[in-house]
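The values are calculated or read from the model by the stated rules, or taken from the named source; none is laboratory data. Being a predicted model, the structure only gives us computed values, none of them experimental. With ideal geometry, Cβ positions are generated from the backbone for all residues, glycine too; neighbour counts draw on all protein chains shown. Surface accessibility is based on the protein's heavy atoms, side chains included, excluding ligands, DNA and RNA. Shrake-Rupley method; radii C 1.70, N 1.55, O 1.52, S 1.80 Å.
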Amino acid sequence: MVEAVPARGNVLGSFLPARYILALLGSIGMAIIYGLKVNLSVAMVAMLNHTILSQTSHEALNGTSSSTSSGEESCHRDDSHDALEDGPFTWSEPLQGTILSCYFWGYFVSQIPGARIAELFSAKWVMFFSVAINVVCTILTPIMAEWHYVAVIAMRVGEGIGGGVTFPAMHVMIASWAPPVERSVISAIVYAGTALGTVISMLMAGHLASAWGWESVFYVMGFLSIIWMVLWVFLIQDTPNKQKLISQEERDLITSALGSSNDGSHQAEKKQPVPWKRVFSSTAFLAILIAHTCSNWGWYMLLIELPFYMKQVLGFNIKENALATAIPFLTMWLFSMALSKSLDTLRGRSMITTTTARKVATMFASIVPMFALLAICYIGCQRGMAVAIMGIAITAIGGMFCGFLSNHIDIAPNYAGTLIAITNTAATIPGIIVPVFVGYITHGNQTISAWRIIFYVTIVLYIIEIFFYLLFGSGEEQPWNKGGDVRKLTETEDPEGVPLRQKTSPTSYTSEE
């Protein structure tokens, strides 16, 4: 049992309630992680020597160029801008894909260990060291790039190791701080930081690379992130009971709300062993797993590869590229805030269930981008139309923050960090595959038809996500959240939360663990 630390006064509440200070700093932390993740996608446009790469590509395709030179296959581009953008590196498309995807090698391996550390010890410090690792690797990237591309890969893997624990750490924090009626809003505030970080990073990276060289992208953004680290250490604690700078009224509000939603035992139970067998046999969890994995393919397609589509097919120069790529992530942030608030309001008035809210938000994040990508396949070189459609697609993806990404906390708040670590680990596989896949498809074939293949694959995965989540998704707390011993189920639910006709005897079930 964790004893409450005596409050020193409502220091945080004089600005915002302490739980929203956490949400705000959590959002900025996620923004830093995603900003440092995507800055290379924009900076690489300025780092590469496009003149040499273009000549190499033409030489490699000498004899097959007639198949890729039709009006349908390539858009008019203003090459007068490209000479200004040439950088020192001649990395081929496959190598570019490898450098971008290697972030997810580290991301893949760190999530589940990081989640258990956050659940058992301190989510606050897990999040802190996540950002710290990213800051160090970002600042070292220009030096490593001048040395060898293998060193850049090492820096990206390091960033991935740090970035991999952010979602699990923040899920643990949200489960400890967010009253159930505010869970959608607080989750959306925190995770919408990924969109805000993306838009700020892309705009800053494009401007910095153009004005002060590509190296400045990494130095400026890295050093600015140190400010957050100082604020996080002094203003944030793992739970309301550990927070000294909070009013007693807010502490009581949070702990009573979480106590009533978790049978008064959230703090004690969250340190129990994970009931692995019941987790992986839960259709509610598997629905999140499939939705997260399929959605991330589309998310990473737009997050990582959009600058290259804008450059290769639509012919944007670096300033136009950064602006056209970044603005939709700002509208995504605004949309996710509005949607989460609307759904929480409807839930608070008992007009919709949590399950309905999660499914509605997830459908926005999948159906809209699916049809948008289908439209892009057939509009050719209409640059304005392509930018508008992609903007709508990215905006709608913001529904995932209060959709399946919040769903782990609904079904099992005691294991929220571990659950999102599992689904995000699986969802990391698209992050590894997408850059390599795009690099392979577009190698020497930077055309509309090549990108059409890429978009078709994404559409199929969106269809899979829609089918499984609509059929099996749930917003109800699952009985295995109480721990591995299902003999605790003496009330009215079976292991999937379906009401039983009579009470279950303590001897009716035995532990599967």
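Just one residue in the set Ile422, Ile397, Ile433 is under 20 Å from Tyr107 (Cβ atoms), of a type in the set (Val, Ile, Thr) and at pLDDT below 90; that residue is Ile433.
Each row is one residue, and each column tells you yes or no for (1) under 14 Å from the mean Cα position of the chain (by Cα); (2) surrounded by 19 or more Cβ atoms within 10 Å (Cβ to Cβ); (3) more than 21 Å from Tyr191 (Cβ to Cβ).
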| position | (1), (2), (3) |
| --- | --- |
| Cys381 | no, no, yes |
| Met385 | no, no, yes |
| Phe404 | yes, yes, no |
| Ile409 | no, yes, no |
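The set of residues in the stretch 213-248 that are among the hydrophobic types (A, V, I, L, M, F, W, C), in contact with a helix residue (DSSP H, G or I) (Cβ under 8 Å, 6 or more places away or on another chain) and over 14 Å from Val42 (Cα atoms) comprises Val220, Phe223, Ile226, Trp228, Met229, Leu231, Trp232, Val233, Leu235, Ile236, Leu245, Ile246.
Residues in the stretch 168-183 that are open to solvent by 10 Å² or more (accessible area, probe 1.4 Å) and either modelled with pLDDT of 95 or more or under 20 Å from the mean Cα position of the chain (by Cα) (or both): Val172, Arg183. If you go through the stretch 335-364 and keep only what is in contact with a Ser or Thr (Cβ under 8 Å, 6 or more places away or on another chain) and more than 10 Å from Cys402 (Cα to Cα), you end up with Phe335, Arg347, Thr355. Within the option set Leu302, Leu343, being surrounded by 22 or more Cβ atoms within 10 Å (Cβ to Cβ), assigned to a helix (DSSP H, G or I) and either modelled with pLDDT of 80 or more or out of contact with any helix residue (DSSP H, G or I) (no Cβ under 9 Å at 6 or more places or on another chain) (or both) holds for one residue only, Leu343. With respect to Glu249, is the statement that it is modelled with pLDDT of 90 or more, within 30 Å of Ala145 (Cα to Cα), open to solvent by 10 Å² or more (accessible area, probe 1.4 Å) and not hydrophobic (A, V, I, L, M, F, W, C) true? Judged against the criteria, Glu249 is not a match. Return yes when Ala416 is open to solvent by less than 10 Å² (accessible area, probe 1.4 Å), aliphatic (A, V, I, L, M), assigned to a helix (DSSP H, G or I) and in contact with a helix residue (DSSP H, G or I) (Cβ under 8 Å, 6 or more places away or on another chain) and no when it is not. It is true that Ala416 is open to solvent by less than 10 Å² (accessible area, probe 1.4 Å), aliphatic (A, V, I, L, M), assigned to a helix (DSSP H, G or I) and in contact with a helix residue (DSSP H, G or I) (Cβ under 8 Å, 6 or more places away or on another chain). Go through the stretch 355-369 and count every residue that is touching a residue at least 60 places away in the same chain (Cβ under 8 Å) and either surrounded by fewer than 21 Cβ atoms within 10 Å (Cβ to Cβ) or more than 23 Å from the chain's Cα centre (by Cα) (or both). Residues that pass the stated criteria total 4. Within the stretch 435-478, the residues that satisfy the criterion of being assigned to a loop (DSSP other than H, G, I, E, B) and either among the basic types (Lys, Arg) or closer than 26 Å to Ala357 by Cβ (or both) are Gly473, Ser474, Gly475, Glu476, Glu477, Gln478. Only one entry of Val279, Val233 meets the criterion of being among the hydrophobic types (A, V, I, L, M, F, W, C), open to solvent by less than 50 Å² (accessible area, probe 1.4 Å), under 19 Å from Ala427 (Cα atoms) and modelled with pLDDT of 90 or more, and that entry is Val279.
Give the residue that is farthest from the chain's Cα centre (by Cα), with candidates limited to residues of the stretch 1-55 that are hydroxyl-bearing (Ser, Thr, Tyr), at pLDDT 85 or above and closer than 29 Å to Ile246 by Cα. It comes out as Tyr20. Of all residue pairs spaced 6 or more apart or on separate chains, those with beta-carbon atoms under 8 Å, a first member in the stretch 323-347 that is over 20 Å from Gly298 (Cβ atoms) and a second member that is in a helix (DSSP H, G or I) and open to solvent by 50 Å² or more (accessible area, probe 1.4 Å) are Leu323/Leu203; Leu343/Val360; Asp344/Val181; Arg347/Val181. In the stretch 184-216, the qualifying residues are those that are crowded, with 24+ Cβ neighbours inside 10 Å and closer than 24 Å to Glu476 by Cβ, and the one that is nearest to the chain's Cα centre (by Cα) is Tyr191. For the criterion of being at pLDDT below 90, of a type in the set (Ser, Thr, Tyr) and crowded, with 24+ Cβ neighbours inside 10 Å, Thr428 passes.
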